[in-house]
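> Quick one: the structure is below, questions incoming.
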Amino acid sequence: MELMNEGLIVFDLEAASPEETVSKIAGVMEEQGRLNDRAAYVADVIKREEGAPTSIGFLIATPHAKSVHVKEPSLAFARLKDPVQWANEKVQMVFQIAVPDPGQGDKHLEILAKLSRKIIHDDFREQLMNVTNEKEVLELIL
Amino acid sequence: MKFLAVTACPSGVAHTYMSAEALEKAARKHGIEIKVETQGSIGIENQITPEDLIGTDAVILTKDMPIKDEDRFENIPKVKVGVSDAVKKAEAIITKLEKMVKEL
């Protein structure tokens with residue numbers, strides 16, 4: 001199964017809080033058969049956020065969990081209709097990651113490592129803010 | 001000026017690499033040579049060797065996870081930073097360290 005596909009990309013997501021954002025994106029993951037237990041995965045992600053929020057500035061957050069409640073390694077991207085307050089930052093673009101625990105090899109993790117590096121660069125973030133369809137997102141990320 | 005850094009985070013999936021890239025980007029902007037080792041979920045990459053230590057002015061270590069082989073850096077000035085800070089405030093960290101090294 002691919003780490004990411006067009007079904008894991010959401011535009012104009014409406015959410016009022018980080019919790020709602022994470023939960024809605026987890027819903028998309030669940031529809032795609034990526035999770036064993038949506039509620040438990042969401043709880044793992046939120047727990048991770050409580051320790052150290054993944055909002056990194058530049059309107060981006062990367063909520064994630066390596067969890068037994070994950071079935072398939074997955075990367076979802078959501079662009080929110082309106083920015084949401086996420087700890088000390090505003091967030092409008094979310095990369096949400098689900099990785100099974102124990103892991104299943106390193107290929108997906110390499111993609112995530114590369115993506116993490118890309119996020120740091122202004123031109124990548126600008127392109128993401130301006131893409132108009134799922135295909136363009138996949139081309140930018142994978 | 002030459003810095004080294006080692007980054008690691010609890011899940012080893014995202015912040016390890018974001019912080020590495022952010023530190024590299026900020027150092028380049030300041031004309032500082034830097035090598036960043038990542039200790040993440042895909043193992044150790046860009047490993048800092050004994051040769052790399054030669055001529056190094058300072059080392060940046062993230063403090064969220066124990067850094068493997070930290071004793072390599074025993075005799076080099078060190079700063080420990082949160083991995084989130086290294087992502088968000090890389091520029092400020094590099095600027096501060098540059099100033100610190102100049103005043104040594």
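> Working only within the range B:1-39, note down all residues that are in a helix (DSSP H, G or I), touching a strand residue (DSSP E or B) at 6+ places or on another chain (Cβ under 7 Å) and closer than 16 Å to B:Val59 by Cβ.
Within the range B:1-39, B:Ser19, B:Ala20, B:Leu23, B:Glu24, B:Ala27 meet the criteria.
> Considering only residues that are within 19 Å of B:His30 (Cβ to Cβ), surrounded by fewer than 16 Cβ atoms within 10 Å (Cβ to Cβ) and not small (Gly, Ala, Ser), which ones fall in the range B:53-77?
B:Ile76, B:Pro77 - these are the residues of the range B:53-77 that are within 19 Å of B:His30 (Cβ to Cβ), surrounded by fewer than 16 Cβ atoms within 10 Å (Cβ to Cβ) and not small (Gly, Ala, Ser).
> Test of understanding: among A:Ala61, A:Ala65, A:Ala52, which residue is free of Cβ contacts under 8 Å to residues at least 12 places away in the same chain, within 29 Å of B:Ala90 (Cα to Cα), within 13 Å of another protein chain (Cβ to nearest Cβ) and aliphatic (A, V, I, L, M)?
Criteria check complete, one pass: A:Ala52.
> Out of all the residues in the range B:80-91, is one or more in contact with a strand residue (DSSP E or B) (Cβ under 6 Å, 6 or more places away or on another chain), basic (Lys, Arg), modelled with pLDDT of 95 or more and exposed (fewer than 14 other Cβ atoms within 10 Å of the Cβ)?
yes
> Moving on to the next point. If a residue has to be under 9 Å from the mean Cα position of the chain (by Cα) and more than 9 Å from every other protein chain (Cβ to nearest Cβ) to count, how many in the range B:20-45 make the cut?
5
Quick grid of which residues meet (1) open to solvent by less than 50 Å² (accessible area, probe 1.4 Å); (2) closer than 28 Å to B:Gly82 by Cβ; (3) assigned to a loop (DSSP other than H, G, I, E, B):
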residue: A:Tyr41; (1), (2), (3): yes, yes, no
residue: A:Asp44; (1), (2), (3): no, yes, no
residue: A:Asp82; (1), (2), (3): no, no, no
residue: A:Val94; (1), (2), (3): yes, yes, no
residue: A:Leu115; (1), (2), (3): yes, yes, no
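> For the range A:1-39: of the residues being among the small types (Gly, Ala, Ser) and touching a Leu at 6+ places or on another chain (Cβ under 8 Å), which is most open to solvent (accessible area, probe 1.4 Å)?
A:Ala15
The values are calculated or read from the model by the stated rules, or taken from the named source; none is laboratory data. Here the structure is a predicted model, which means the values were calculated and not measured. Heads up, the Cβs are rebuilt from the backbone with ideal geometry, glycines too, and the neighbour counts pull from every protein chain shown. Only protein heavy atoms, including side chains, enter the accessible area calculation; ligands, DNA and RNA are left aside. Shrake-Rupley method; radii C 1.70, N 1.55, O 1.52, S 1.80 Å.
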